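Here's the structure we're looking at; comments come further down.
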Amino acid sequence: MTGIQLADYGVDGALGFLPGKDPLRKLPKGYAEWDEIGEAMPKHLAMGQGRNLLRNVPPLDTAPLRSTAELERAMLLLSYFAHGYLNDTDPPLQSLPANIAVPWHAVATRLGRPPVLSYASHQFHNWGRFDPSGPVALGNLTRLQDFLGGMDDDWFVMVHVAIEAAAAPGLRAMVQAQEAALAGDDEFLADRLLEVSAALAAMLRNLRRMPERCDPYIYYHRVRRFLFGTKDNPAFPRGLVYEGVAEYRGEPQQFSGETGAQSAIIPFLATALGIDHQDDPLNDFMLSLRDYMPPGHRAFVDEVGRRAGIRSVVLGRRTPSVLDAYNACIHGMRDFHELHLRYAAAYVHRQGQKSTGNPQDTGTGGTPFMRYLKLHLDNIADHAVDAR
């Protein structure tokens, strides 16, 4: 039904934005010491000895890394080394030594992302399955790398991985819905939009499970401080110096930290559904976070998301079945954002701030989230279409 090839954008037909093959658990033999340090790091960080370990990370040459899977494994480890090194004390350090900074920048450049811990490393390439033949779903997921260890830290990541897997059928269905809109096939359009709505419902079911094993207090005080970047972060007023990285000439750099807004699911669905955020104060920030997506995912949002005007079809023809299915998608988006807003309040806003490096009024990506998320939610809800 479609001329779009998902693989051209790094999108897997079964797992969506997750890699089609389980992420690597080990690098090639020449990088064994990085794997060993990654395994040892959580216990060292828990005892306040992380920096002593990480200052001895060997500055290995990353040029021999060939496959995307190898590069992503290296990016995962180096991102954790960097954020662990910087945040081993409060306040965090303002410069990163060359033994970590130089290979990290090299790998990040090859992957087309900034050298900062982003959603792509923290979630997309940080999971495995207990049963390799089983589903990518909660109960069969494990995490490959963590900071301090513990179920709360791991569950936070695994819930997001499960959400990504649950979204995959909706991504496929939305591309087919675009084809139906272009072809004027209202029946097929309505059916595919209902599949998108079902995927949003599955995503919401996974998100609802967050409190099962991730406690708000533990998340805020134990997990969250490692996720921040250096942009709009009061703990990094000038940014971070990447020692030895010639391209930066010793100048501090500022990059946004890891946040679920760096996933392409919601931006793609919102773009395809014609949700207009131009008057939304969060919009510019959300657009800037696309720089932290894998380049293929970014292109998928920008190119595929805009190729058919589904909302124009709904408004123009007002076919009852299409209108109902479209509104079901809008309501699904609203419900997902509404729960996210409730979690933002419980897991962050109501917690007691004890460090400038873990502000309760600023998201890990650097935005004053509570002020903006409600406006963002209301804007989505306003896109439901009246039947008349």
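Mind listing whichever residues of the stretch 78-97 are crowded, with 19+ Cβ neighbours inside 10 Å and not in a helix (DSSP H, G or I)? If the condition is that a residue be crowded, with 19+ Cβ neighbours inside 10 Å and not in a helix (DSSP H, G or I), then Asn87, Asp88, Pro92, Leu96, Pro97 are the ones that fit. Residues in the stretch 55-74: is at least one modelled with pLDDT of 95 or more, outside any loop (DSSP other than H, G, I, E, B) and over 20 Å from Ser121 (Cα atoms)? There is no residue in the stretch 55-74 that is modelled with pLDDT of 95 or more, outside any loop (DSSP other than H, G, I, E, B) and over 20 Å from Ser121 (Cα atoms).
Scanning the stretch 231-273 for residues that are crowded, with 23+ Cβ neighbours inside 10 Å, over 15 Å from the mean Cα position of the chain (by Cα) and within 18 Å of Leu86 (Cβ to Cβ) yields Asn233, Phe236, Leu240, Tyr242. Within the stretch 292-337, the residues that satisfy the criterion of being over 14 Å from Ala264 (Cα atoms) and hydroxyl-bearing (Ser, Thr, Tyr) are Ser312, Thr319, Ser321, Tyr326. Restricted to helices (runs of 4 or more DSSP H) entirely inside the stretch 276-319, those with at least 1 residues that are free of Cβ contacts under 8 Å to residues at least 60 places away in the same chain, within 30 Å of Lys231 (Cβ to Cβ) and out of contact with any Lys or Arg (no Cβ under 7 Å at 6 or more places or on another chain) are 283-288.
All of Gly20, Gly38 fail the test of being assigned to a helix (DSSP H, G or I), under 18 Å from Arg143 (Cα atoms) and of a type in the set (Gly, Ala, Ser), apart from Gly38. Hey, can you tell me all the residues within the stretch 98-148 that are assigned to a loop (DSSP other than H, G, I, E, B) and among the aliphatic types (A, V, I, L, M)? Within the stretch 98-148, Val116, Leu117, Val136, Ala137, Leu138, Leu144, Leu148 meet the criteria.
Considering every residue within the stretch 183-200, establish whether at least one is within 19 Å of Val11 (Cβ to Cβ), assigned to a helix (DSSP H, G or I) and of a type in the set (S, T, N, Q). No, that holds for no residue.
The values are calculated or read from the model by the stated rules, or taken from the named source; none is laboratory data. Keep in mind that what you see is a predicted model, and the values were worked out from it rather than measured. Note that each Cβ is placed from the backbone with ideal geometry, even for glycine, and that neighbours are counted across all protein chains shown.
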